[in-house]
Amino acid sequence: MTQRILIQLDSDLQPSSFDSVVAIDAGVEQLLRYGGVQVTSVETLVHGAMFTRGGDDLCKTAIFIGGSDVDVAERLLKACRDAFFGPVRVSLMLDANGCNTTASAAVVAASRHADLADSRVVVLGGTGPVGRRVAQLLAGDGARVTLTSRSIERATRACSEVMETVGEGEVTPVAIAPGGQTAEALSGAEIVIGCGAAGIELVDKETMLGLDSLKVAIDLNAVPPAGVGGVGVTDKAAPIGSGVGYGAIGVGGLKMKTHRMAIESLFTSNDRVLDAHEIYAIAKSIG
Amino acid sequence: MTQRILIQLDSDLQPSSFDSVVAIDAGVEQLLRYGGVQVTSVETLVHGAMFTRGGDDLCKTAIFIGGSDVDVAERLLKACRDAFFGPVRVSLMLDANGCNTTASAAVVAASRHADLADSRVVVLGGTGPVGRRVAQLLAGDGARVTLTSRSIERATRACSEVMETVGEGEVTPVAIAPGGQTAEALSGAEIVIGCGAAGIELVDKETMLGLDSLKVAIDLNAVPPAGVGGVGVTDKAAPIGSGVGYGAIGVGGLKMKTHRMAIESLFTSNDRVLDAHEIYAIAKSIG
Amino acid sequence: MTQRILIQLDSDLQPSSFDSVVAIDAGVEQLLRYGGVQVTSVETLVHGAMFTRGGDDLCKTAIFIGGSDVDVAERLLKACRDAFFGPVRVSLMLDANGCNTTASAAVVAASRHADLADSRVVVLGGTGPVGRRVAQLLAGDGARVTLTSRSIERATRACSEVMETVGEGEVTPVAIAPGGQTAEALSGAEIVIGCGAAGIELVDKETMLGLDSLKVAIDLNAVPPAGVGGVGVTDKAAPIGSGVGYGAIGVGGLKMKTHRMAIESLFTSNDRVLDAHEIYAIAKSIG
């Protein structure tokens, strides 16, 4: 029996133990782990995956791209695709810093409590990799998205990037100064998702409790204090104001299932490329 | 079936092949090996172990700390413990440079031929990691220990460290100049254990043969010449003077069994911390 | 059941994924992979292989030496052998940059179409590791070999090295200036093997078609343009002029089988050293 091999490319010096354990639990039999991976090292490693197994066995080798730096990971993903020769290729998955599985799980959790196509969503602190992906997945499903940042320049740039990826939809940048008018930005929102840096409160509990339109609030920050006031890190559809809340651990179960199922699906054919869109589809199938 | 994963943290650039092979032979199914590990890299790696498996499966992930530098390993062990959140933790084992398994095997071998609680023991060249551990285990079992070094300062410091760890007992520093009065330091000793650097004779054969009180002599140096004169590297309870002798390979079988059993025991719960004391208990159970 | 462990030593910073996948497909159960390996790191790693398993289990650990730099790999091989203590050793295989499996497969492919002991062979661009090995295997089987290079000095040095290894036989250096008299050098050759750098045409198609003595032409260059004009990269005994041709992929099947069988044979005893000669014998047994 040909063993399932996952080549783990990680731009961090020490490749993620998290990604390795999840891969093993998803049925990977042999892990080839690489740390400190640079774009220049990719071609040889990908060719080693392409040219060692033929026919039906080629799909038993796949590549996972991780690391804490999502931008570098995207360049590694491109380098992998550039190394392919037509149909001679292996499946690829990008989940650097958990960006795709986290964003997908958050949006699926939100969709349990509100019709995305009919919702106004505010993505707080949304300029990072997870925030941009959350906005992308929401806009792709027809939500009207507001993306906030302390800097209007960064918010605007993130929105442009999201719109480029999605093609159509509504993603509007809003700047919120520290201690500024968050309530105003949230006004009328059914969904609020906090994607800011660890340990920064993006909106206080009072504001959240006063938001009458709220159906679901999600805080993806795992380190206290909460990014979205009133949402506990382990909350899972716990009541908050007029809606329910999910914390980082509260969406963690779905995130983990999505991650494992995505890894499993890599080995079903040799031409999969799992990025935000494809991983979101997997998360949706789990619900 | 959840696979047994061991995360091998090694401060050497190339993680130990010795530790990896022993881990595999002890039933580890997947090794996640890290070289050049620094204290700053530990937290993320430990969190990856803590947050990927839940419930009964958490104890199927454990961490081994190795490397040739025992002091660095102790700092890595502390960093692992600092990364835990209360009961969310995984089992840990420290055996950098084989210090704990070697010291434990040596003391257990000695205990076959003399009642430790009733013995005077001289630990020759005892200021290194193995020597300090040998002294610690002996003192903990009630032996009266003399620890020698060429430097009285280093001997005194080592004895203080040992006493701090043990809490009670007798560990006395003695300086022996090169070519100095070893016979005097050994006078009345039932147990002599050589823990010095490779290739240095700590005591000559004549002195050993003249030591009437001797019950057991152990030389942990594996590279000729012998550290304890008259003890061959493969000796295992071979006659020497009035007692018996063990060489490094002579205690090697017990050391290896102890190492393997310690690795196995890591996966029986998620909260074990195997350092000198715990590994000695395992060696004792083997006998 | 004691698991088959392969220690993969690679002088490249990122150890070869190609070599790892082939090892797994050859039945290796646990890979201990090392990148950036230097001669100074070898002893400890080899001792870890030697001193962890005893008796019949020792042969279940073996060492593979790879990396893109064959000269460094040869120094690593020597360092491995130097680390052994008499019969306490493990089996070794060197196939840095695929040099031995590629050269062996090429020579075996040639032997299907011509009696080596009765042939004149030209090894074009033969000063590199693969070319020198091709010349060595051919000369060892009695072929009269001409080895070409753009530089007579390098050709002469390569021939001397080959003769030193083989002991007896005929290996003659010839310099061919770029655009020079290749036809003259090839005159009367039954076998032509191109071993030059990727993307350099060593001889044009016209010359090959005009070579009446030709029985078999092999081009080991996998990147267009062909090194030996008229030979396609996937050709496998395809007609060319008066003989047949093989491209790099055309001999690839035999190369891969040889590589896998060589890895398998490492675990049949603890004292094998698989370099050019031994790997050629394996390729011959496959045919």
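The values are calculated or read from the model by the stated rules, or taken from the named source; none is laboratory data. Since the model is a prediction, treat every value here as computed from it, not as a measurement. Here Cβ is always computed from backbone atoms with ideal geometry, including for glycine, and neighbour counts include all displayed protein chains. Just so you know, the surface numbers come from the protein's heavy atoms only, side chains and all, with ligands and any DNA or RNA stripped out. Shrake-Rupley method; radii C 1.70, N 1.55, O 1.52, S 1.80 Å.
Quick check on this structure: which one of A:27, A:36, A:54 is at pLDDT below 95 and either small (Gly, Ala, Ser) or in contact with a Leu (Cβ under 7 Å, 6 or more places away or on another chain) (or both)?
Details: A:27 fails: at pLDDT below 95; A:36 fails: at pLDDT below 95.
So the residue among A:27, A:36, A:54 that is at pLDDT below 95 and either small (Gly, Ala, Ser) or in contact with a Leu (Cβ under 7 Å, 6 or more places away or on another chain) (or both) is A:54.
Against the definition (at positive phi and part of a loop (DSSP other than H, G, I, E, B)), how does residue A:250 come out, yes or no? Don't jump to the end; show me each part of the working.
Numbers: at positive phi: no; part of a loop (DSSP other than H, G, I, E, B): yes.
Criteria not met by residue A:250.
Yes/no per residue for (1) on the phi < 0 side of the Ramachandran plot; (2) hydrophobic (A, V, I, L, M, F, W, C); (3) touching a Lys or Arg at 6+ places or on another chain (Cβ under 9 Å):
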residue	(1), (2), (3)
C:202	yes, yes, no
C:207	yes, no, no
C:216	yes, yes, yes
C:222	yes, yes, no
C:238	yes, yes, no
Show the residue pairs that are 6+ apart or on different chains and have beta-carbon atoms under 7 Å apart, the first residue being within region B:118-136 and more than 17 Å from residue B:183 (Cα to Cα) and open to solvent by 10 Å² or more (accessible area, probe 1.4 Å), the second being assigned to a helix (DSSP H, G or I) and of a type in the set (Val, Ile, Thr).
B:129/B:70; B:130/B:102; B:132/B:162; B:136/B:162; B:136/B:165; B:136/B:166
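Please go through region B:104-127 and give me each residue that is of a type in the set (S, T, N, Q) and assigned to a helix (DSSP H, G or I), ordered by number.
Filtering region B:104-127 for residues of a type in the set (S, T, N, Q) gives B:104, B:111, B:119, B:127.
Once the filter is applied, which keeps residues that are of a type in the set (S, T, N, Q) and assigned to a helix (DSSP H, G or I), region B:104-127 yields B:104, B:111.
This table checks each residue for (1) in contact with a Leu (Cβ under 8 Å, 6 or more places away or on another chain); (2) modelled with pLDDT under 95.
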position	(1), (2)
B:60	no, no
B:69	no, no
B:73	yes, no
B:77	yes, no
B:81	yes, no
B:85	no, yes
B:90	yes, no
B:94	yes, no
B:99	no, no
Enumerated strands (runs of 3 or more DSSP E) restricted to region B:1-103, each holding at least 1 residues that are of a type in the set (D, E, K, R), more than 9 Å from every other protein chain (Cβ to nearest Cβ) and open to solvent by less than 40 Å² (accessible area, probe 1.4 Å):
B:5-10
Residue by residue through region C:219-230, note down the ones that are over 9 Å from residue C:248 (Cβ atoms) and of a type in the set (A, V, I, L, M, F, W, C).
C:226, C:228
Quick test of your reading of the structure: residue A:139 fulfils all but one of (1) touching a strand residue (DSSP E or B) at 6+ places or on another chain (Cβ under 9 Å); (2) farther than 13 Å from residue A:162 by Cα. Name the failing condition by number.
(2)
Tell me which residues, restricted to region A:241-273, are aliphatic (A, V, I, L, M) and buried (at least 24 other Cβ atoms within 10 Å of the Cβ).
A:248, A:251, A:262, A:263, A:266
Checked against (1) over 27 Å from residue B:261 (Cα atoms); (2) buried (at least 24 other Cβ atoms within 10 Å of the Cβ), residue B:162 satisfies every condition except (1)
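Can you tell me which of B:24, B:63 is free of Cβ contacts under 8 Å to residues at least 12 places away in the same chain and β-branched (Val, Ile, Thr)?
Working: B:63 fails: free of Cβ contacts under 8 Å to residues at least 12 places away in the same chain.
So the residue among B:24, B:63 that is free of Cβ contacts under 8 Å to residues at least 12 places away in the same chain and β-branched (Val, Ile, Thr) is B:24.
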Test: residue B:125 is in contact with an Asp or Glu (Cβ under 9 Å, 6 or more places away or on another chain) and at positive phi:
no
If you scan region B:215-240, which residues turn out to be β-branched (Val, Ile, Thr), buried (at least 20 other Cβ atoms within 10 Å of the Cβ) and over 25 Å from residue B:285 (Cβ atoms)?
B:228, B:231, B:240
